[in-house]
Amino acid sequence: MVAVAATYYKATLSVTSGLSAPFNNLAVIYKQQGKHADAISCYNEVLRIDPMAVDGLVNRGNTYKEIGRVTEAIQDYVHAINIRPTMAEAHANLASAYKDSREDRDKMFKDVEEIIRRQLKMSVLPSVQPFHAIAYPLDPILALEISRKYAQHCSVVASRYALSPFKHPPPTPIKSGPYNQRLRIGYVSSDFGNHPLSHLMGSVFGMHNRENVEVCLLYSYALLKFAMPSNKIAKMVNDDQIQVLVNLNGYTKGARNEIFAMQPAPIQVSYMGFPGTTGATYIDYLVTDEFVSPFRSAHIYSEKLVHVPHCYFVNDYKQKNRDLLDPNCRPKRSDYGLPENKFLFACFNQLYKMDYEIFTTWCNILKRVPNSALWLLKFPAAGESRLRVCKSFDLSEIGSHLKEVSHSIEYRLDPDLGHGT
């Protein structure tokens, strides 16, 4: 279908002139096909026809950024902002490009912080979202203010449903007296499906102590053919008399935090999906650990911090990787092109989480550890060229073999820009 659409756009361009839309649409197709040079040529034509086309500037900047031409991407984003200062996408993409730039990054992010502060003073939703705020070198107090503004926006969205305040189940002592009452826990997420969160947490839901926990309900709104409205999900949670409601999204893609803003449960908790603060008055606790969220940093969180032992980040090795527990089923490194005689470091995060300082640090570690190698996830593919701009390095592709060879890794690395999904 994409190829057919490209044919029609080309046919349109052969019989018309002065139209930018066919060039723009063709550029989108070229970009999907990985033909970045052709996409840039099309965006050049868009801007030749209409030099004030801010969408064309941002889209060309995005294409430049994907192939590692960060300086040119920054120029396009700045040009777009000069034309339309209120364009949130241009501001957000500019901040992202600054993260990948090695030129005067500190000054660049000071400029970004000033833009965000002006937006907050004007009661404008900041152009840098909470999810990106924890990945950028921003003032953590400013990141908290960004989250608070987005939490307030979710409350505004919730208010549009015009629901009456929910009545919560009365607080009851757990396992007291003859009734032996148990806690009712519910989980809310858009990611119950083929998503890292579901793969990581697959066993968790069945590991609750059934003497203490009565039910474990999963409220999903992503897998439904016709998505259930947020107010109906909130009402369902309240009707089920859930006492502790767990938000597994935070500010990740697909989140519906307005459900929590409606406060259908008496205790609401953030866990796993988003390691930063939600900035929400309606989220009571953040389940985390002493390394990710030390108590000395409690002032940059709106939630009360609940530390679990060791690490908050779960991994479903019991269900997904049972074969690895059998020593007779373990494949060799050489089966997947991995060196048998090297000390193997690995990081399976998406490449956008690695900035110049992190990657340079890892390369320095490799130099200091004799006979060592680093294995990275080649995703997104365009990220490889961006890392090559930082250092000349041989990047290997994990593909579908992550599970089978994970036992062969001596040391796992994790960037400080987000956690390991």
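The values are calculated or read from the model by the stated rules, or taken from the named source; none is laboratory data. Everything quoted here is computed from the prediction, not taken from an experiment. Positions of Cβ are generated from backbone atoms using ideal geometry, with glycine treated the same way; all protein chains shown enter the neighbour counts. Only protein heavy atoms, including side chains, enter the accessible area calculation; ligands, DNA and RNA are left aside. Shrake-Rupley method; radii C 1.70, N 1.55, O 1.52, S 1.80 Å.
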Inter-label distance for S123 and E211, nm, one decimal - labels placed 7 Å from Cα along Cα-to-Cβ: 5.4
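List, in the order given, every pair from K304/K378; K149/K253; K35/K107; K149/K304; K121/K232 whose Cα-Cα distance in the structure shown is over 27 Å.
Where the Cα-Cα span goes over 27 Å, the pairs concerned are K304/K378; K35/K107; K121/K232.
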Pairwise label distance in nanometres, V157 with F295, each label 7 Å out on the Cα-Cβ vector: 3.5
Heavy atoms of M272: accessible area, 1.4 Å probe, square angstrom to 10: 10
Orientation-averaged projected area, Cα convex hull of the range 70-158 (nm²): 5.6
Simple label model, 7 Å out from Cα along Cβ direction - K332 to L218, nm: 3.9
Debye intensity ratio I(q)/I(0), log10, the range 193-274, q values 0.11, 0.18, 0.27 Å⁻¹ (C-alpha model): -0.30, -0.84, -1.60
Share of Cα-Cα pairs in the range 243-288 lying beyond 14 Å, as whole percent: 38
